[in-house]
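To start, the structure under review is shown below, and the notes come after it.
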Amino acid sequence: MSTEPPPEDDPFRKQPPSGQGEGQGSGSGSPYDTPYGGSQPPPPSYGGPYGAAGGEGGFPADPLAGMPPLADSGKRTLARIIDMILVGIVVVLLTWAFGVSEYQMHGNRISAGRSLAQSVIAAVLFVAYDTLLIAKTGQTLGKKWLGMRVANLDNGATPSAQTSLVRALVLWLPFAFCCACVWTIICGGWSFFDKPYKQGLHDKAAKTVVVTTN
């Protein structure tokens, strides 16, 4: 999803195989030169993720080659719960401080609902939290504590701010405004059944994966 090239000093960015581009054989130095100075067509390139041609830029057709193992979906769920608790505490404190929660009296019963302002505060905080931390290190606090990070599927680099924002919007906007529990189960739970990349729906939208760091 990202249109920004990952920084050159990103320690997680996959590097092309060693010797890529060095001359082989005679003539122009192309790896497809024949001993007699002619050339032969390059080997066919097979489809990579989302229809991209494999092997482009010196990388193998399998985008997971050279990456750490994919993170366990159960640990991803636990990390997400940790993040939801941390940000949820801030949301509750802010909505209480600004008085934007809805309280209704029904006889002897008091029920608490959610106002539009409360949903907006929740959406802004959750999206900002995910976007800023993922774009900076690839890790929210939950992922960091459980040894995981988010990576671009095509090159393993830390996602750009644009990619991180798309990922966060898909995950958190429905959560904040309409179907919190249902959307969280569907969007995050998708990784339990997705093959071969264990992606949630937000990962698919941003073309990212979650891998281990230890």
Of 158, 163, 184, the only residue that is of a type in the set (Ser, Thr, Tyr) and more than 21 Å from residue 123 (Cα to Cα) is 158
Lone qualifier among 170, 124 - being among the β-branched types (Val, Ile, Thr) and under 17 Å from residue 80 (Cβ atoms):
170
Can you pull out the residues in segment 184-214 that are of a type in the set (D, E, K, R), open to solvent by less than 30 Å² (accessible area, probe 1.4 Å) and within 20 Å of residue 146 (Cα to Cα)?
203
Residues of segment 162-178 being open to solvent by 50 Å² or more (accessible area, probe 1.4 Å) and assigned to a helix (DSSP H, G or I), in sequence order, are 162, 165, 169, 173, 177
Only one of (1) of a type outside the set (A, V, I, L, M); (2) loosely packed, with under 15 Cβ neighbours inside 10 Å; (3) in contact with a strand residue (DSSP E or B) (Cβ under 6 Å, 6 or more places away or on another chain) is not met by residue 181, so which one is it?
(3)
Quick test for you: out of 58, 142, 88, pick the one residue that is surrounded by 13 or more Cβ atoms within 10 Å (Cβ to Cβ), over 16 Å from residue 167 (Cβ atoms) and at pLDDT 90 or above.
88
Looking only at residues in segment 187-214 that are touching a Gly at 6+ places or on another chain (Cβ under 9 Å) and assigned to a helix (DSSP H, G or I), which one is modelled with the lowest pLDDT?
188
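The values are calculated or read from the model by the stated rules, or taken from the named source; none is laboratory data. This is a predicted model, so every value here is computed, not measured. Glycine also receives a Cβ, built like all others from the backbone with ideal geometry; neighbour counts cover every protein chain displayed. When the accessible area is computed, the model is the full protein with side chains, heavy atoms only, and any ligands, DNA or RNA have been set aside. Shrake-Rupley method; radii C 1.70, N 1.55, O 1.52, S 1.80 Å.
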